[in-house]
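Down below is the structure, laid out as structure tokens.
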Amino acid sequence: MARDRDHREERDSEFVDKLVHINRVAKVVKGGKRFGFAALVVVGDQKGRVGFGHGKAREVPEAIRKATEAAKRGLIRVPLREGRTLHHDVSGRHGAGKVHVRAAPPGTGIIAGGPMRAVFETVGIQDVVAKSLGSSNPYNMVRATFDALKHEDSPRGVASRRGIKVSTLQARRKDVDPEAAAAEA
């Protein structure tokens, strides 16, 4: 039993969690107001796994703890190029929140607004350019960012789906490279 608990703590320590938003809500009762708190937390291992969670409680630390546990239950894997950026540009949406996420050259850094920045830092992306359109609600922005990251695909995944080798796919990519074609013209 103790060994299982130690293993769980060891697994939990590999994750980095970021508090994105805390919302305070008031319930009016006979004696005054009762306050509750809702927390939005993003959790990731900075190596391509990330999740988000929502927790509600009467106290802030309890809401954060619940949100962190929910985030660890719903992790997704994001394929990263060279462990620092995305393989291709991608868009995502949730409700009225829309995001556009673009791969960036080394040294660019994370150019993104609040909730999206937290997602990229926890997933381990170092170079990315992102733009949020529509809703600025943190919940919608995080969900739209996750929708975009779910549509991210690696060359290995594309090659296996098409039944060809990764090297063949990469060779085709170099043949149709727009920058190389512009340089030749």
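Taking a 1.4 Å probe, which of His87, His94 shows the most accessible area, and what order do the others take after it?
His94, His87
Quick check: residue separation of Lys30 and Ala159 times 0.36 nm, minus the Cα distance between them. What number comes out in nm?
40.0 nm
Could you state the accessible area per residue of the chain in Å², with a 1.4 Å probe and every protein chain left in place?
That works out to 61 Å² per residue.
Of Gly113, Val90, Phe35, which is farthest on the positive side of the dipole of the stretch 23-120, counting Cα position, with +1 on Lys and Arg Cβ, -1 on Asp and Glu Cβ, and the Cα centre as origin?
Phe35
For the chain, give the magnitude of the charge dipole about the Cα centre (Cβ charges: +1 Lys/Arg, -1 Asp/Glu; no others), in debye to the nearest 20. Could you put the intermediate results ahead of the total?
Numbers: 35 positive and 22 negative charges, 196 e Å.
Rounded to the nearest 20 debye, it is 940 debye.
Report the net charge of residues surrounding Val99, where surrounding means a beta-carbon distance below 10 angstrom and charges are Lys +1, Arg +1, Asp -1, Glu -1.
+3
Dipole size in debye (nearest 20) for the stretch 58-131 around its Cα centre, Lys and Arg Cβ +1, Asp and Glu Cβ -1?
220
With r as the distance between the Cβ atoms of Ile76 and Arg172 and R0 = 25 Å, compute the FRET efficiency 1/(1 + (r/R0)^6) and round to 0.05.
Taking R0 as 25 Å, the efficiency between Arg172 and Ile76 is 0.35.
Quick one: how many lysine pairs in the chain have C-alpha atoms under 24 angstrom apart, if they're 8 or more apart or on different chains?
Lysine pairs satisfying the spacing and distance rule in the chain number 25.
Please report the accessible area of Val25 (heavy atoms, 1.4 Å probe, ligands and nucleic acids excluded) in Å², nearest 10.
About 80 Å², rounded to the nearest 10.
Give me the distance between the Cα centres of the stretch 76-120 and the stretch 146-169, rounded to whole Å.
17
How large is the helix-only mean residue ellipticity at 222 nm for the chain, computed as the sum of -39500 (n - 2.57) over DSSP H runs with n ≥ 4, divided by its residue count, in deg cm²/dmol to the nearest 500?
-12000 deg cm²/dmol
Measure off, as a whole percent, the carbon and sulfur share of the 1.4 Å-probe accessible area of the chain, all protein chains present.
51
Just to make sure I understand: if all protein chains stay in place, what is the order of Leu133, Leu80, Leu19, Leu40 by accessible area at 1.4 Å, largest first?
Working: Leu133 65, Leu80 35, Leu19 85, Leu40 0 Å².
From most accessible down to least: Leu19, Leu133, Leu80, Leu40.
With every protein chain left in place and a probe of 1.4 Å, what is the accessible surface of Leu169, to the nearest 10 Å²?
Spelled out: Leu169, probe radius 1.4 Å, area about 30 Å².
Please pull out the direction-averaged projected area of the chain, using the convex hull of its alpha-carbon atoms, in nm² to one decimal place. Walk me through the intermediate numbers first.
On the way: hull surface 62.0 nm².
If you wrap the Cα atoms of the chain in a convex hull and average its projections, you get 15.5 nm².
The values are calculated or read from the model by the stated rules, or taken from the named source; none is laboratory data. Predicted model only: the values in this text are computed from it and were never measured. Here the Cβ is made from the backbone with ideal geometry for all residues, glycine too, and neighbour counts use every protein chain on show. Keep in mind that these areas ignore ligands, DNA and RNA; they rest on the heavy atoms of the full protein, side chains included. Shrake-Rupley method; radii C 1.70, N 1.55, O 1.52, S 1.80 Å.
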